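Contents: one structure, followed by commentary.
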Amino acid sequence: MILVSACLLGHKVKYDGGENGQPLLLRYAARGQFLPVCPESAAKLPVPRPPVELQGGTGEAVLAGRAVVRDTEGADRTAAFRRGAKSVLAVAKRYQAQIAILKENSPSCGVHQVYDGTFCRRKIDGQGVAAAQLAAAGLRLYSEKDLTEELLLALLAEDQAADERLVDRKSVV
């Protein structure tokens, strides 16, 4: 299975109640190889909810206790974001996922960049909290901005081959 940010598959889980449906992913979703995940929903944050940003660092710093997650109202959402990241990692392990396609710039899912914590729409290099958790566990991460049809087809073929090897191993046991 390939983990995919649920919002990229059209699920209305964004902070504002919207979605970020990505046409290329939606075109291949019927193959059944995508597992939609939303760390913020997994942490039981409501939809809609106030926007949040990472303050004092990126997702890696949040996981290490050196940065926090705050919403526009000043509420500390750090514990929820850590919970959501752990939940998504548990799903990845359960399904033996090796690949994740995540929403760029998200405080949870950003792969290459996140917002800088000032709520001024400025971005910094780094990963969101869940992305950092998945990367630390060895998953290969891609954002929707990395995707081309050629890359996606290669990832789908790799995932299919991994599933077939897993089935072969189980039938031997």
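Beta bridges assigned by DSSP with both partners in the chain are antiparallel in approximately 40 percent of cases. In this structure, the residue pairs whose Cα-Cα separation is over 18 Å, taken from Lys12/Lys103; Lys103/Lys123; Lys86/Lys145, are Lys86/Lys145. Per Stokes-Einstein, at 10 °C and 1.306 mPa s, what whole-number D in µm² s⁻¹ belongs to the stretch 25-173, with the Kirkwood radius over Cα pairs as the hydrodynamic radius? Taking Rh from Cα pairs, D becomes 99 µm²/s. Give me the distance between the Cα centres of the stretch 107-155 and the stretch 14-75, rounded to whole Å. Distance between centres, Cα-based: 11 Å.
Take the Cα gyration tensor of the stretch 72-115, multiply each eigenvalue by 5, square-root it, and list the three semi-axes largest first, rounded to whole angstrom. Walk me through the numbers before you get to the answer.
Details: eigenvalues 100, 46, 5 Å².
Result for the stretch 72-115: semi-axes of 22, 15, 5 Å.
With r as the distance between the Cβ atoms of Lys12 and Asp116 and R0 = 22 Å, compute the FRET efficiency 1/(1 + (r/R0)^6) and round to 0.05. Kindly include the intermediate steps, with their values, before the conclusion.
Details: r = 26 Å, r/R0 = 1.20.
For R0 = 22 Å, the calculated efficiency reads 0.25.
Laboratory data are not the source of any read-out in this text; all were calculated from the coordinates shown. Please read all numbers here as calculations on a predicted model, not as lab measurements. All Cβ positions, even for glycine, are placed from backbone atoms using ideal geometry, and neighbour counts span all protein chains on display.
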